[in-house]
Amino acid sequence: MPGMPHRDSNGTSSARPTPPTPLDLSLLRTFLAVHRSGSFTGAARLLGLSQPTVTTQMRSLERQLGRELFERRPRGAVPTSVADDLATQVAAPLDALAAVADRGPLAAEKRPDPVHLAGPAELLCTRVLPALAPLTDRGVRLRVTMGLTDDLLDGLRGGRFDLVISTMRLRGRTLSAVPLADEEFVLVASPGWAERIGPARVAAEGAAALRGVPLIAYADDLPIARRYWWHVFGERLTEQPAMTVPDLRGVLSAVVAGAGISVLPRYLCLDELASGALVPLLLPEDPPINTGYLAQRPGPPANPHVLLVRDRLLRAAPSW
């Protein structure tokens, strides 16, 4: 029994040292789910547990370690440096153990799960899916979700997605991300509108040459056009959109048809610019650029096909 006295060879009595209590693997598994999802609620969904159970387990683990692992905040659980160090130590062993437990050591090799990829609809449809098409011949299965970056990143933290293409730089340490590609924005019009406005006038007069011209936009608050006006013309955009379409491919279609002008990512309208269906109204030396990021949860993914998709995207993106 730990702590019971025993006789040494010289006959003196001493107490055996009590060995440290080993950490419970189930607690470590729950800890890793909280660290990756960024919240106790997200971890509960991932593990099929109740949130109070996750909270109780994390308190138990913190008591065993004698250190705080997460700062509880309204929007989730922020890991401390102790938690980050612990996650680095346990992620790979727990992932490997989970992979063995899922398929059994003597079972036939299990087909990898589908890779859940999410991002903006326009980039996914025009660039990402064509780049990933060859992977289906290698047995990779994809499940693709389109939506707004904030919602998709919440889904990534909660375990709904394996990879997310983010249109904004990530803050915090609950997710990891690498730059994927830069998108340049260009002010475009149909040939008819370009002739009426005059690109030379836009170069000489700036935003004044565009007043009263119908503006086609992604949303009522004109997020892309407002950024372009401020970056290129140094002015705040006060015009109201003539048409809003919550898909840049729809905006492109409307502008080609002569509905008005718009600001679009260059990758989206390369063919139309090359054919003359669209005309750039201005070619500034310093156009607005937005960097896209490829985000995932920290640690090596258990599914090897996630790495195939990730590597394929990182190789293909520079050509976009």
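Every number in this text was worked out from the coordinates using simple rules, so none of it is lab data. Keep in mind that what you see is a predicted model, and the values were worked out from it rather than measured. As a convention, Cβ positions derive from the backbone with ideal geometry for all residues, glycine included, and neighbour counts pool all protein chains shown.
Below are the figures for this structure:
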item: Over the chain, relative contact order from alpha-carbon pairs under 8 Å, at least 6 apart, %; result: 21 percent
item: Gain upon complete extension [H231, D150; 0.36 nm per residue less C-alpha separation]; result: 26.8 nm
item: Distance between modelled label sites at E195 and R315, nm, 7 Å Cα→Cβ extension; result: 4.7 nm
item: Modelled FRET efficiency - R0 22 Å, R143 with D182, Cβ distances, 0.05 increments; result: 0.20
item: Farthest positive-ward along region 117-231 dipole, Cα basis, beta-carbon charges - from A200, M168, V213; result: M168
item: Residue among Q51, L124, W320 farthest towards the positive dipole end of the chain, charges placed on Cβ; result: Q51
item: Inter-site label distance for E68 and C125 at 7 Å from Cα along Cβ, in nm; result: 4.7 nm
item: Protection proxy ranking of 289-300, 58-69 - average other beta-carbon atoms within 10 Å, highest first; result: 289-300, 58-69
item: Tail beyond 27 Å, pair distance distribution of the chain (Cα, percent); result: 57 percent
item: Size of charge dipole - the chain - debye, nearest 20, with Cβ of Lys, Arg +1 and Asp, Glu -1, no other charges; result: 1100 debye
item: FRET efficiency, D286 to Q89 (Cβ-Cβ, R0 45 Å, nearest 0.05); result: 0.50
item: Debye, to nearest 20: dipole size of region 22-103, +1 on Lys, Arg Cβ, -1 on Asp, Glu Cβ; result: 280 debye
item: Most mobile of G192, G212, G38 in a GNM of the chain (Cα contacts under 10 Å); result: G212
item: Relative contact order for region 177-320, counting Cα pairs under 8 Å that sit 6 or more residues apart, in percent; result: 42 percent
item: Relative contact order [Cα under 8 Å, 6+ residues apart], region 22-103, whole percent; result: 29 percent
item: Hypothetical label at R111: residues of region 125-151 whose amide nitrogen lies under 13 Å (7 Å Cα-Cβ projection); result: 137-142
item: Rough spin-label spacing in nm, given labels placed 7 Å along Cα→Cβ, for T136 and S50; result: 4.5 nm
item: Total charge dipole magnitude, region 144-292, about the Cα centre, Cβ charges on Lys, Arg, Asp, Glu only, Debye to nearest 20; result: 240 debye
item: Region 276-281 - phi-based ³J(HN,Hα) in whole Hz, Karplus 6.51/-1.76/1.60, Gly and Pro as x; result: x, 5, 10, 10, x, 7
item: Region 279-295 and region 121-153: distance between their alpha carbon centers, rounded to Å; result: 22 Å
item: 16 Å tail of the calculated P(r), region 22-103, as % of Cα pairs; result: 47 percent
item: The chain: calculated mean residue ellipticity at 222 nm from DSSP helix runs of at least 4, using -39500 (n - 2.57); result: -11000 deg cm²/dmol
item: Per-q log10 I(q)/I(0), region 184-320, q = 0.09, 0.18 Å⁻¹ (Debye; single scatterer per alpha-carbon; no solvent); result: -0.33, -0.97
item: Of the DSSP H helices in the chain, those whose Cα atoms cover at least 24 Å axially and whose Kyte score averages 0.0 or more; result: 81-103
item: Selected from P22, P280, P179 as most flexible by GNM, with the chain as the system and alpha-carbon contacts under 10 Å; result: P22
item: Charge tally in the Cβ shell below 11 Å around T244, where Lys, Arg are +1 and Asp, Glu are -1, T244 excluded; result: -3
